[in-house]
Amino acid sequence: PYRVLGVGRGSSQADIKKAYKRLAREWHPDKNKDPGAEDKFIQISKAYEILSNEEKRANFDRYGDAGESQGFSQHQHRQFHRFHDGFYFDESFFHFPFNSERRDTSDEKYLLHFSHYVNEIVPDSFKKPYLIKITSDWCFSCIHIEPVWKEVAQELEALGAGIGVVHAGYERRLAHHLGAHSTPTLLGLINGKITFFHNAVVRENLRQFVENLLPGNLVEKITDKNYIHFLSDWRKDNKPHVLLFDHMPVVPLLYKLTAFAYRDYLSFGYVYVGLRGTEELSSQYNINVYSPTMMIFKEHIDRPADVVQAREMKKQLIDDFLSQNKFLMVARLTNQRLFQELCPVKKSHRQRKHCVVLLTGEGEKFAEAYEAFLTFAVANTKDTLKFVYIYNERQPEFADALLMDEEKYRGRSAVVILERRNNAGKIAYKALEEAWQGSKEDNFILLDLLDQLRTDPGLLSSETVVADLNDELAPMFLIRWFYSTLDYISDCWDSLFHSNWREMMPLLSLLFSVLFILFGTVIVQAFSDSSDTRDSPPSEKEETAAKTEKNDVSFSKESNSRIPKKGFVEVTELTDINYTSNLVRLRPGHMNVVLILSNSTKTPLLQKFALEVYTFTGSSSLHFSFLSLDKHREWLEYLLEFAQDAAPIPNQYDKHFLERDYTGYVLALNGHKKYFCLFKPHRSGDEGGTPGSCEDYDASLHAEARGKPSCSPGSRSIKNKLHKLSFWMERLLEGSLQRFYIPSWPALD
């Protein structure tokens with residue numbers, strides 16, 4: 001690596017970085033057309049990766065041998081540089097100790113077997129994501145990634161993620177079940193679904209991969225504007241709400257993993273205390289901005305039910321804190337699972353647990369009875385008692401089994417003390433004699449019954465069998481069907497591109513056969529329709545229209561062949577209002593072709609743009625827009641930084657940089673895949689230009705009416721910028737244009 005970058009072993013990090021930038025600029029494949037530029041650029045990047053990391057640099061200085069391990073020739077590079085399913089491993093600069101005594105045995109505790117994976121790992125993936133490595137013996141790349149894997153595995157395991165290792169030589173059945181056909185293969189498992197890793201194996205990429213496995217709506221960003229609405233949702237969600245106050249601008253991965261594990265019990269919010277707009281929130285709850293603070297809110301949003309504060313939040317501390325606050329003080333029974341957790345079956349006389357159930361209704365009419373029950377529950381909370389409530393209208397079978405449809409409870413609230421006897425639904429219970437109104441007398445009666453129950457379990461004299469509770473919060477059938485369909489399509493897509501192609505050949509053969517038959521049918525039908533139209537005599541309306549056309553002003557041949565007689569090209573301005581719908585959230589497979597113009601060049605450029613792209617308006621996947629350079633120059637220059645040679649690197653002493661003319665540039669933007677293709681304006685002096693021609697609609701009208709061309713030299717040169725745009729559009733539809741990828745779309749302010 002020292003030889004590649006041209007630095008000495010005693011060079012500082014600043015010298016190494018300076019040498020890397022100089023060489024990377026010189027050997028970048030997009031700028032250097034030398035056939036070996038790409039290989040040289042990879043060597044430069046790999047050398048900088050080693051020398052910029054002090055630990056890797058020290059290991060190389062101690063154990064490396066530049067004369068043997070730096071394969072800089074074409075032959076050596078082909079020998080050592082290998083690609084594995086979309087992510088690369090370069091064995092350069094390293095020795096590979098295949099001696100079993102020197103191999104790292106830290107993976108042994110993570111080894112998976114088929115039965116263990118199916119029976120334990122897959123169900124557990126609904127509580128935490130798993131990062132799984134498929135390895136084998138005599139695998140150069142497996143040994144190469146061991147240091148990174150070991151570091152990331154220890155870090156993610158401490159945060160709450162699951163780690164697994166599959167040895168393909170001993171667990172072929174499991175490796176085939178996971179879809180791994182080569183080693184090493186890295187994949188993620190969450191909610192029983194497998195996702196393959198296809199990037200360079202470095203710590204940052206692996207952390208980001210695990211974070212991307214998690215759903216995006218686990219943690220809500222909370223500020224002064226929305227915290228009251230967030231905390232007030234406890235009644236609708238039937239969950240306590242958790243707020244984490246921290247000085248990190250992004251939500252920590254530990255907190256996201258915790259939110260995924262407890263998503264069925266708690267709702268999570270994150271407050272960035274360093275952000276403007278959170279001062280009121282921090283002041284109201286007296287937050288120490290220098291230490292992470294976690295608060296749990298239940299029925300009362302003005303004060304937290306529990307608080308924990310620590311200089312460094314650990315997983316064990318958070319788990320202990322949340323496991324003690326998984327339920328509201330008086331939770332609503334919305335499904336059978338919640339009923340079983342809050343009111344478990346009696347296992348022995350010493351492990352009796354009773355549930356005090358308020359059977360009530362919805363609306364203001366029953367609010368007073370509920371508030372009185374809540375106050376009683378807060379004052380009499382015990383480990384052996386759980387206070388819950390249900391809505392009679394939503395759980396009618398449960399309510400009828402306990403109240404026997406008695407008239408005195410009709411339209412009123414009732415309180416029942418019960419104990420589950422078995423999992424088949426058998427319960428012992430006793431109902432208060434009168435309806436619950438929340439008066440002091442009702443409180444004394446209920447308290448007296450609970451005191452008697454501690455000494456006399458036989459107080460629950462009535463028995464009945466209740467059916468399973470309805471799942472009130474379950475999504476509708478159509479929504480479940482829609483999500484299932486999306487998962488199935490996603491699985492098919494992954495299988496199509498990442499499975500063994502030999503296994504996919506029968507399916508692909510059938511697919512292409514069907515497409516060929518359909519395509520042939522459409523072609524035959526199109527030719528038959530065109531021949532029928534050509535043979536049929538013209539109608540009276542068409543003859544009349546033809547006569548009328550002859551009386552109109554005639555156009556020049558060149559203009560008449562390019563200008564559409566029917567319809568028009570719809571070109572909308574790209575603004576901050578329609579930016580999200582027209583680009584950021586553009587449907588997959590659709591592209592927005594954007595013309596860059598200024599106020600002074602708007603009219604001639606739009607006329608020429610319409611002529612060039614009209615033949616492509618039949619494609620429903622293409623949208624046409626224009627962007628004002630006077631308003632959004634910074635947005636355009638940010639985008640062009642990702643296209644080499646499209647925009648120069650700005651120099652703070654360059655007076656003409658801000659005056660650079662981008663009018664006539666055309667960008668084809670793919671919002672879903674985050675890339676764009678670039679059309680640079682045609683120069684008037686290039687071959688094929690027609691500086692003397694005037695090809696737009698207005699010009700042809702003036703030429704015919706006055707007998708001389710009407711386009712000025714300035715207008716002619718502006719229109720010539722879009723010369724050959726139609727050929728560029730053809731290459732765009734073919735997919736042969738160079739694509740420039742960006743990490744995310746910038747805001748259009």
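The values are calculated or read from the model by the stated rules, or taken from the named source; none is laboratory data. Only a predicted model underlies this, so the values are computations on that prediction, with no experimental measurement involved. All Cβ positions, even for glycine, are placed from backbone atoms using ideal geometry, and neighbour counts span all protein chains on display. For the accessible areas, the whole protein counts, side chains as well, though only heavy atoms, and no ligand, DNA or RNA atoms are used. Shrake-Rupley method; radii C 1.70, N 1.55, O 1.52, S 1.80 Å.
The numbered conditions (1) open to solvent by less than 30 Å² (accessible area, probe 1.4 Å); (2) out of contact with any Cys (no Cβ under 7 Å at 6 or more places or on another chain) are all true for residue 380 except (1). All of (1) touching a residue at least 12 places away in the same chain (Cβ under 8 Å); (2) part of a loop (DSSP other than H, G, I, E, B) hold for residue 357 with one exception: (2).
Of the helices (runs of 4 or more DSSP H) lying entirely inside the range 1-76, the ones with 3 or more residues being at pLDDT below 85 are found at 37-51, 54-63, 66-69. Restricting the range 375-409 to residues that are β-branched (Val, Ile, Thr) and in contact with a helix residue (DSSP H, G or I) (Cβ under 9 Å, 6 or more places away or on another chain) leaves a set whose member that is modelled with the lowest pLDDT is 384. Just to check your reading of the model, which residue among 657, 740 is closer than 22 Å to residue 627 by Cα and modelled with pLDDT under 85? Just one listed residue meets the conditions, 657. Residues in the range 463-480 that are charged (D, E, K, R) and at pLDDT 70 or above: 463, 468, 471, 472.
When 299, 341, 280 are checked against the criterion of being assigned to a loop (DSSP other than H, G, I, E, B) and of a type outside the set (A, V, I, L, M, F, W, C), 299 stands alone in meeting it. Under the condition of being open to solvent by less than 50 Å² (accessible area, probe 1.4 Å) and under 15 Å from residue 43 (Cβ atoms), the residues counted in the range 11-33 number 7. Among the residues of the range 182-197, those identified as farther than 18 Å from residue 143 by Cα and not basic (Lys, Arg) are 188, 189, 190, 191, 192, 194, 195, 196. Here residue 306 does not fit the description of being over 18 Å from residue 385 (Cα atoms), assigned by the TED database to the domain that holds residue 256, over 33 Å from the mean Cα position of the chain (by Cα) and open to solvent by 30 Å² or more (accessible area, probe 1.4 Å). Out of 430, 346, one residue alone is part of a loop (DSSP other than H, G, I, E, B) and within 20 Å of residue 459 (Cβ to Cβ). It is 346. Only residues that are in contact (Cβ under 8 Å) with a residue 24 or more places away in the chain and either of a type in the set (S, T, N, Q) or touching a Lys or Arg at 6+ places or on another chain (Cβ under 7 Å) (or both) were counted across the range 278-315, and they come to 4.
Residues of the range 115-143 that are open to solvent by less than 20 Å² (accessible area, probe 1.4 Å) and farther than 23 Å from residue 169 by Cβ: 125, 129.
Quick one: would you say residue 680 is at pLDDT 65 or above and either under 34 Å from the mean Cα position of the chain (by Cα) or on the phi < 0 side of the Ramachandran plot (or both)? The answer is yes for residue 680. The residue that is farthest from residue 236 (Cα to Cα), among those in the range 283-296 that are open to solvent by less than 40 Å² (accessible area, probe 1.4 Å) and assigned to a loop (DSSP other than H, G, I, E, B), is 291.
Taking strands (runs of 3 or more DSSP E) as the structural unit, those lying wholly within the range 144-239 and holding at least 2 residues that are buried (at least 17 other Cβ atoms within 10 Å of the Cβ) and over 21 Å from the mean Cα position of the chain (by Cα) correspond to 162-167. Looking at residue 407, is it farther than 21 Å from residue 299 by Cβ, surrounded by fewer than 17 Cβ atoms within 10 Å (Cβ to Cβ) and not aliphatic (A, V, I, L, M)? Yes.
For the criterion of being of a type outside the set (D, E, K, R), open to solvent by less than 20 Å² (accessible area, probe 1.4 Å) and not in a strand (DSSP E or B), residue 275 fails. Here the range 714-749 is the region considered, the condition is being assigned to a loop (DSSP other than H, G, I, E, B) and among the small types (Gly, Ala, Ser), and the residue that is farthest from residue 579 (Cα to Cα) is 736. Determine whether residue 573 is under 29 Å from the mean Cα position of the chain (by Cα), open to solvent by less than 60 Å² (accessible area, probe 1.4 Å) and modelled with pLDDT of 90 or more. Against the criterion (under 29 Å from the mean Cα position of the chain (by Cα), open to solvent by less than 60 Å² (accessible area, probe 1.4 Å) and modelled with pLDDT of 90 or more), residue 573 qualifies.
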